[in-house]
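Beneath this line is the structure, given in structure tokens, with notes to follow.
The values are calculated or read from the model by the stated rules, or taken from the named source; none is laboratory data. Owing to the predicted nature of the structure, the values given are computational and were not obtained by experimental measurement. With ideal geometry, Cβ positions are generated from the backbone for all residues, glycine too; neighbour counts draw on all protein chains shown.
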Amino acid sequence: MDVVTIGETMALFTPDQKGLMRYAPSYSRKFGGAESNMAIGLSRLGHQAGWISRVGDDELGKAMLHFIRGEGVDTSHVTYDTEAPTGLYFKEFRKAGDIRVQYYRKGSAASRLSTADIDENYIKQADYLHISGITPALSSSCRNMLPEAVKTAKEHGVTVVFDPNLRRSLWSEEEARRTLLELAALADIVLPGIDEGDFLFGTKNPDELGRLFLQQGAGDVVLKAGSKGTYHFNKNGSAFIPSFDVETVVDPVGAGDGFAAGYLSGLIDGLSAENAVQRGNAVGALVTQAEGDVEGLPEPEDVDALVNKNSGTEDVRR
């Protein structure tokens, strides 16, 4: 297994028309979640990904599991929960550039994840363990679970990748900051955005953020600056890799998960850190050009075409 990830996926409902959701008479149903989005992205790029989670023993949970399994992700460690439902969220396209998301996930099946869901044998056979800062915000049992999963990974030489994926509405700022910093300190690779770095350390200066995350204990810091590009920091120095131009952003939700998939794909394929970041940038850009969290995740030829088209991409080691 190349990557194992842990976290919640929900049923996504989107109105079939633009504008205020209160006027929508019909909806389309899809699925989305940071960790499974990333796993599907890896699968489309030709890699093996496994997903640990819980879903409701309901029709949405069954449809979700069938969908994610159908995308090539290993779901052998996803449990049906008979006592809690599958979480929901709604994505509202009010107008161009104004997309709003509303979650209904309190008490969901995935919020009942715990250390009992961590299988040492499953994690130890992976090259990477991917976790995000959404999961510990779901419940105390989820918060207790992630450090156990990280401990298991480290005991077996599995590289730990942490995406803070800050969700302010799920918990207090104090608890979020403390927990995310603790997880960042345990990770080998961290994938924060500039705004998340500002939340954690009180600065938006990329070089300062790179230094601070490295001081926390990470070996590699991949700092995302949105449409501008991405910074990479490690003990050998730093580099800036520009993003790819996107003419029209249709739906930005899921771009960060696509970036993580592209970046990890590059590492699995043995690319340099900077070229892996470039692949992440390419996947993230492609994701924004389709509606839905996973619908825009590309296949290898799509990524190659975009990278080759922009072969003059700057890659400056500082």
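With respect to Gly266, determine if the residue is closer than 23 Å to Gly33 by Cβ and in contact with a strand residue (DSSP E or B) (Cβ under 6 Å, 6 or more places away or on another chain).
When the stated conditions are applied, Gly266 does not pass them.
Out of the residues in region 14-23 that are in contact with a Phe, Trp or Tyr (Cβ under 9 Å, 6 or more places away or on another chain) and assigned to a loop (DSSP other than H, G, I, E, B), state the one that is farthest from Arg94 (Cα to Cα). Reasoning before the result, please.
Within region 14-23, the subset in contact with a Phe, Trp or Tyr (Cβ under 9 Å, 6 or more places away or on another chain) is 14-19, 21.
If we keep only those that are assigned to a loop (DSSP other than H, G, I, E, B) as well, we get 16-19.
Working: Asp16: 12, Gln17: 9, Lys18: 6, Gly19: 4 Å.
It comes out as Asp16.
So how many residues does region 226-280 have that are within 30 Å of Thr14 (Cα to Cα), surrounded by fewer than 16 Cβ atoms within 10 Å (Cβ to Cβ) and of a type in the set (A, V, I, L, M)?
1
Which of the helices (runs of 4 or more DSSP H) found entirely inside region 142-245 contain at least 1 residues meeting this: of a type in the set (S, T, N, Q), at negative phi and at pLDDT below 95?
Those helices (runs of 4 or more DSSP H) span 206-216.
Output yes when any residue across region 50-64 is free of Cβ contacts under 8 Å to residues at least 60 places away in the same chain, touching a Lys or Arg at 6+ places or on another chain (Cβ under 7 Å) and either hydroxyl-bearing (Ser, Thr, Tyr) or not in a strand (DSSP E or B) (or both), and no when none is.
no
Taking into account only those residues within region 66-103 that are assigned to a helix (DSSP H, G or I) and closer than 14 Å to Ala49 by Cα, which is farthest from the chain's Cα centre (by Cα)?
Gly70
Against the conditions (1) touching a Leu at 6+ places or on another chain (Cβ under 9 Å); (2) part of a strand (DSSP E or B); (3) within 17 Å of Thr135 (Cβ to Cβ), where does Ala11 fall short? Just the number, please.
(3)
Does region 115-134 contain any residue that is out of contact with any strand residue (DSSP E or B) (no Cβ under 8 Å at 6 or more places or on another chain), modelled with pLDDT of 95 or more and buried (at least 22 other Cβ atoms within 10 Å of the Cβ)?
The answer is no; no qualifying residue exists.
Within region 207-237, how many residues turn out to be in contact with a Phe, Trp or Tyr (Cβ under 6 Å, 6 or more places away or on another chain) and either among the acidic types (Asp, Glu) or touching a residue at least 60 places away in the same chain (Cβ under 8 Å) (or both)?
0
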